[in-house]
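Take a look at the structure set out below.
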């Protein structure tokens, strides 16, 4: 079982986290396992890495990929918002470095059972895994139960969707006829509500599917992504040693703002004054990396 996911800015992450022999590191977003493997290589022969993920399939793939590191590597099915508790339970405190890569993986996008893609039919779930949130909320719950005003608000706030009002109204109209249960059902609702001249939106030189921002907003809310990030930063401060580093890769302007503000707050010293972005060469190889931003901060007394 292999991964199709390409990790972002791996070299930059390693240069800034500075893993070393004997160090203790936490990878809060295992994904395809690339970052975890690089941490293990750089901290050889006796550095330890603890990985977290809520996607059981990602965990299974990584267990195969990283089998050679048994004894130095452990993976736990858990949300990174609880990383302080998990690190303590597994004897990893104090940590020398923590990495959070907030992009969802190509493997998750390709899995129709998660309902993350607007190009494949699947259930309107959108959770990365059973422990992605604490209340079991799914995208189907939102589009079939929330009010028109609530749906408009999240589309505008988390998707920055210019047609938030039209799409929210379209959802309410559609669900009066029948429950919206599949990803392509929701796509059909969005396409029907999109003005004819805007069926394909432009973002710079790129063409954007009309459902892109709606799916993004629903995914963010379902997985409670921004609150999880805020809690993870607070948790990191509890378990990093003084001088230990926290690296966070974001893919959304609101995520980056949360990280920037936290790293300029008490208890942190920003290592990256401005976020690092992928090189032109990396973007050519992996176009999905184009929106990534990396910030790193050091824990201070």
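Ranked by the mean number of other Cβ atoms within 10 Å of their residues, highest first, the peptides 7-18, 208-219 fall in the order 208-219, 7-18. If you average the sequence gap of Cα pairs under 8 Å that are 6 or more apart and divide by the length of the chain, what percent do you get for the contact order? Answer for the chain is 19 percent.
Using just the helices of the chain, give the 222 nm mean residue ellipticity in deg cm²/dmol: DSSP H runs with n ≥ 4 each add -39,500 (n - 2.57), and the total is spread over all residues, rounded to 500.
-12000 deg cm²/dmol
As a calculated quantity, the FRET efficiency between residue 106 and residue 271 at R0 = 35 Å, using C-beta atoms, amounts to about 0.75. Averaged over residues, the count of other Cβ atoms within 10 Å places the peptides 76-89, 251-264 in the sequence 76-89, 251-264, highest first.
FRET efficiency for the pair residue 157 and residue 67, taken as 1/(1 + (r/R0)^6) with r the Cβ-Cβ distance and R0 = 51 Å, rounds to 0.75. Only Cα pairs under 8 Å and 6+ residues apart enter the sum, and on that basis the relative contact order of the stretch 2-150 stands at 23 percent. For residue 90 and residue 264, a Förster radius of 35 Å and the Cβ-Cβ distance give a FRET efficiency of 0.70, rounded to the nearest 0.05.
Angle between the Cα long axis of helix 164-177 and the longest principal axis of the chain, 0 to 90 degrees, nearest 10? With both axes taken from Cα atoms, the answer is about 70 degrees. Taking Cα atoms only, the orientation of helix 225-239 departs from the longest principal axis of the chain by about 10 degrees. Shape analysis of the stretch 3-149 places it in the prolate category; the axes a ≥ b ≥ c from the Cα gyration tensor give an a/c of at least 1.5, with a/b above b/c. The angle between the Cα long axis of helix 56-65 and the longest principal axis of the Cα atoms of the chain comes to about 40 degrees, rounded to the nearest 10. Given a cut-off of under 8 Å on Cα pairs at least six residues apart, what relative contact order in percent is computed for the stretch 134-222? With pairs under 8 Å counted, the relative contact order is 35 percent.
We did not get these values from a lab; they are worked out from the coordinates using the rules stated. Please read these numbers as outputs of a predicted model, since none were measured by experiment. So basically every Cβ, Gly included, is an ideal-geometry build from the backbone, and we count neighbours across all protein chains shown.
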